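*Asks:* Would you mind keeping the following structure in view while I ask a few things?
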Amino acid sequence: MFNPPPFADPLVAALYYGAVFILYDTAYTIVNAPYSALTSELTEDYDERSSLAGWRMANSIFASLLTAGLFKVLAENVFVNWFEGPNALVSGYAVARRFGIGGDDCAAVGGCLRARTTALS
């Protein structure tokens with residue numbers, strides 16, 4: 001997906017990108033549908049559900065901005081030191097990309113956990 005093979009035919013490229021989009025969108029739906037439905041399972045109170053959804057979205061946005069801002073710094077200064085050889089920078093970017101993908105989930109779950117403990121108090 002991030003490093004597609006060269007395509008001579010535009011039709012093959014369009015089919016490739018269409019297939020990658022469908023796979024990505026399917027994976028996103030598999031993760032996001034239960035994640036979005038979690039709020040209504042945590043509490044029956046309308047105001048508490050609104051608070052949970054607000055915390056979830058705020059933490060998700062914060063994590064997105066944080067990972068986007070730290071991506072280059074982490075890839076070139078931290079993760080590149082984990083590897084040796086001519087592909088160290090590429091490997092550093094691959095690790096930073098994984099951090100960026102997972103960072104949103106961790107912060108959003110943290111927001112739900114904070115709201116859940118508030119609801120239980």
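The values are calculated or read from the model by the stated rules, or taken from the named source; none is laboratory data. The structure presented is a predicted model; accordingly, all values stated were derived computationally and were not measured. Note that we place each Cβ from the backbone using ideal geometry, even for glycine, and neighbour counts take in every protein chain shown.
*Asks:* Scan segment 35-48 and tell me whether some residue there is surrounded by fewer than 11 Cβ atoms within 10 Å (Cβ to Cβ), hydrophobic (A, V, I, L, M, F, W, C) and modelled with pLDDT of 85 or more.
*Replies:* Of the residues in segment 35-48, the ones surrounded by fewer than 11 Cβ atoms within 10 Å (Cβ to Cβ) are 37, 41, 44, 46-47.
Subsequent filtering for residues that are hydrophobic (A, V, I, L, M, F, W, C) retains 37.
Then drop every residue that is not modelled with pLDDT of 85 or more, which leaves none.
Checking segment 35-48: not a single residue is surrounded by fewer than 11 Cβ atoms within 10 Å (Cβ to Cβ), hydrophobic (A, V, I, L, M, F, W, C) and modelled with pLDDT of 85 or more.
*Asks:* Separate question: Which of (1) surrounded by 10 or more Cβ atoms within 10 Å (Cβ to Cβ); (2) outside any helix (DSSP H, G or I) does Ser64 not meet, given it meets every other one?
*Replies:* (2)
*Asks:* Another question, then. Which of the residues that make up segment 94-121 are farther than 21 Å from Glu41 by Cβ and either surrounded by 18 or more Cβ atoms within 10 Å (Cβ to Cβ) or modelled with pLDDT under 50 (or both)?
*Replies:* Ala96, Gly100, Gly103 - these are the residues of segment 94-121 that are farther than 21 Å from Glu41 by Cβ and either surrounded by 18 or more Cβ atoms within 10 Å (Cβ to Cβ) or modelled with pLDDT under 50 (or both).
*Asks:* May I pose another question? Return yes when Leu38 is within 20 Å of Val95 (Cα to Cα) and either not hydroxyl-bearing (Ser, Thr, Tyr) or not in a helix (DSSP H, G or I) (or both) and no when it is not.
*Replies:* Working: within 20 Å of Val95 (Cα to Cα): no; either not hydroxyl-bearing (Ser, Thr, Tyr) or not in a helix (DSSP H, G or I) (or both): yes.
Taking the combined requirement at face value, the residue does not satisfy it.
*Asks:* Within segment 6-18, can you find the residues that are at pLDDT 90 or above and either of a type in the set (D, E, K, R) or surrounded by fewer than 11 Cβ atoms within 10 Å (Cβ to Cβ) (or both)?
*Replies:* Leu11, Gly18
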